[in-house]
1. What is the dipole size for the chain, taken about its Cα centre, with +1 at each Lys and Arg Cβ and -1 at each Asp and Glu Cβ, in debye to the nearest 20?
2. Please compute the alpha carbon radius of gyration of the chain, then divide it by the globular-protein estimate 2.2 N^0.38 Å. Two decimals is fine.
3. Spelling out what I want: for every residue of segment 259-275, take phi, set θ = phi - 60°, compute 6.51 cos²θ - 1.76 cosθ + 1.60 (Karplus), and round to whole Hz; glycine and proline get x.
4. Can you sort VAL67, VAL390 so the residue with the fewest Cβ neighbours within 10 Å comes first?
5. Among the DSSP beta bridges whose two residues both lie in segment 80-225, what percent are antiparallel, rounded to the nearest 5?
6. Do me a favour and compute the ellipsoid semi-axes for segment 67-217 from its Cα gyration tensor, root of five times each eigenvalue, largest one first, whole Å.
7. Hey, with R₀ at 22 Å, roughly what FRET efficiency would VAL403 and LYS433 work out to, going by the Cβ-Cβ distance, to 0.05?
8. As a footprinting exposure proxy, order VAL354, VAL467, VAL24 by other Cβ within 10 Å, with the fewest listed first.
Amino acid sequence: MNHPQIIQGGMGVAISTWQLANAVSRSGQLGVVSGTGIGIIFVARLMEGDKDGSVRRALAHFPDQEVAQKIIDKFYQPNGLEEGQSYYRPPMWTMTPPKLLNQLTVAGNFVEVWLAKEGHNNPVGINLLEKVQLPNMASLYGAMLAGVDYVIIGAGIPLQIPGILDGFVTHQPNTYRLDVHHASPEDDHHVRFDPEENFPGITAKVGDLKRPQFLPIISSVILAQALLKRANGEVNGFVIEMPTAGGHNAPPRKNVLSEQGEPVYGPKDEIKLDRIKKLGLPFWLAGGYGSAEGLQNALDAGAEGIQVGTAFAYADESGFEANAKREVIQQVLDGTVDVFTSPTVSPTGFPFKVVQLDESISNVNVYEERDRLCDVGYLRHLIKRDNGKVTYRCPAEPVDKYVRKGGEVADTVGRVCLCNQLGAAAGYANVRKDGYTEPILITSGDDVVNIGQFVPSGQTSFTAQNVIDVLLSAVTELA
């Protein structure tokens, strides 16, 4: 099949929105929505009044109209949020999620993909994180109901995803084996999702679904080989991500920090592209390839093309909060922008890139002044306790709670509530009942210093089409 040369990175929470993905896909490249946390964003948009009617327009095409209407009745506020009103927080994910949480997640992902595909016939993808396991099945099912064409998953080893995609083609129930700390090999900790239990009669209503192409994001040949050998279904290609990419990075082989406190990547972390090529599957290169030269270099190396996140994150169509977007672009144009790869910020334990803005929680003092509160919980770890029960804890939650659950105080130092702070960066800063407004955190790849190349002369902003035009401007070989 023909693949795109440019994959627009799937950046969450709500940075890679349907607006961005739609614009990129209309151009003939692969637009990608982020499914991470989209159930919460979906509710927030309804509470804000769904001003342009897009959410309700998409819900009118949801195959279970009874569920769609129930969601509208419960969350839609025609006049928007009242002053000081907090967003509704659905119950946090557990191994036995309530039906409403599954339905919200399915519907939210359906809406995002449906809107990204509206008005054209080109492919659309969705990006999810293996580290955020509990909602993934509901997210995938919702995306497949909307006809998603590609599924791209990183931040872990997604061995179970191909089989789940296969099962959802015929609406089969699926289970997702969960990573539980201190579990023994004979333990069976999983979350279950049954389409018919959540949407009775759905199989008869829509028939078989399309099985999307599956592209895991990897950072080594060994991981690629493991996926081909051990995955429970077909892998259709790879996105090869370098440590210069934004968001979460794979940790380096050696646990060494620079004088500035950043992880140090060495020769052993380099990816042997000639060995990737021998695997015989299409691949795209990501992290530092966001230029016309980068695309040509990728093609010369045998890749189908490149995945670009950072450049698209600052395009007009992205979900970044407008003031923060303008500030970063201005810093780039002024030559003052700085990105720090933090070994501690993310509760996942993965290195995480943070743009240094005075107003954001990349300023340590701002975060330290924040009263710790875990009310979203996507990045909570599952822990098997001595009594055999599974508990949920996050290094960014209140320290005393974390310790009571068996955690170490040292693990909480420097951690940030990415669930809330990344949501705030997309313009969905929650206001707590006491009036406290969650601060923002912005993540970008090291390539952010180069996004000035996409800004037209005399302007201070750019569009997704500007990015695509620049990236394709010097290509001499078609993949």
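Bear in mind these aren't lab numbers, they're just calculated from the coordinates by the rules spelled out. Note that the structure is predicted; figures quoted are calculated from it, not measured. Please note: Cβ atoms are built from the backbone with ideal geometry, for glycine as well, and neighbour counts cover all protein chains shown.
1. Computed about the Cα centre, the dipole is about 1160 debye.
2. 0.92
3. For segment 259-275, the Karplus-derived couplings read 4, 7, x, 9, x, 9, 9, x, x, 5, 8, 6, 9, 7, 5, 5, 6 Hz, x marking Gly and Pro.
4. So the ranking, lowest neighbour count to highest, is VAL390, VAL67.
5. Within segment 80-225, antiparallel bridges account for around 30 percent of the total.
6. 25, 21, 16
7. 0.30
8. Starting with the residue having the fewest Cβ neighbours, the order is VAL354, VAL467, VAL24.
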